[in-house]
Amino acid sequence: MGDRGVRFESIGHVEGAFGDHAVPEEIAATESRIVLAPHLAEGLTGIAAGQRVMVIFYFDRVEGYELLQHPRGDASRPKTGVFAIHTPFRPNPIGVTVVDVLAIEENVLRVRGLDALDGTPVLDLKRV
Ligand SMILES: C[S@@+](CC[C@H](N)C(=O)[O-])C[C@H]1O[C@@H](n2cnc3c(N)ncnc32)[C@H](O)[C@@H]1O
């Protein structure tokens, strides 16, 4: 128990319009593509356009974290515990976002609502 050396392989990656940091709402307003490894495409069976899917992803462009941070980097707001906010700067840099599925094309999901940057590794998907 308590294995601190857990290792995951990504199942795919995000393709989107934002390659650098932007406010989440701005990224989420655009369409993104989740490109799965082709051998995993069968795992999308049962997911259809119009449904919602939870995307679990890896913040691959962050380094380090603080346990207390200003929400959204806004110094006018009081520092808050990392586990009470959605900052990418966290002990395990994992993001979770529920998105709308627009279409599925073989191993590619077209989605809206995803606030992950272009190239972000995707760790898992779960229909909600
Ligand atoms: C505040 S986080 C919230 C993510 C998710 N909704 C959550 O609650 O876990 C969203 C922000 O993370 C940043 N971000 C997205 N993908 C990233 C990546 N691969 N590496 C580093 N930062 C990323 C973007 O600036 C985006 O606005």
Quiz item: Where Lys and Arg each count +1 and Asp and Glu each count -1, what net charge lies around Gln51 among other residues with Cβ under 9 Å from its Cβ?
Solution: +1
Exercise. Kindly write out, for segment 112-119 in residue order, the coupling ³J(HN,Hα) from the Karplus curve 6.51 cos²θ - 1.76 cosθ + 1.60 (θ = phi - 60°), rounded to whole Hz, with x marking Gly and Pro.
Key: 10, x, 8, 9, 10, 6, 4, x
Practice problem: Could you tell me whether segment 36-114 comes out rounded, prolate or oblate from its Cα gyration tensor? Rule is a ≥ b ≥ c as square roots of the eigenvalues, rounded for a/c under 1.5, then prolate if a/b exceeds b/c, otherwise oblate. | Solution: prolate
Exercise. Please list the non-local residues whose amide H lies under 5 Å from the amide H of Phe59, H modeled 1.01 Å from N, same-chain partners needing a gap of 5 or more.
Key: Ile94, Gly95
Quiz item: What FRET efficiency comes out for the pair Glu105/His39, r = Cβ-Cβ distance, R0 = 22 Å, nearest 0.05?
Solution: 0.85
Quiz prompt | Label point 7 Å beyond Cα of Tyr65 along Cβ direction - residues of segment 86-128 with amide nitrogen under 18 Å | solution = 86-97, 116-117, 121-124
Practice problem: Treat each spin label as a single point 7 Å out from the Cα along the C-beta direction, and report the Val6 to Ile85 distance in nm. | Solution: 2.4
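All of the numbers you see were taken from the coordinates with simple rules; none came from a lab. Computed from a predicted structure; not experimentally measured. Please note: Cβ atoms are built from the backbone with ideal geometry, for glycine as well, and neighbour counts cover all protein chains shown.
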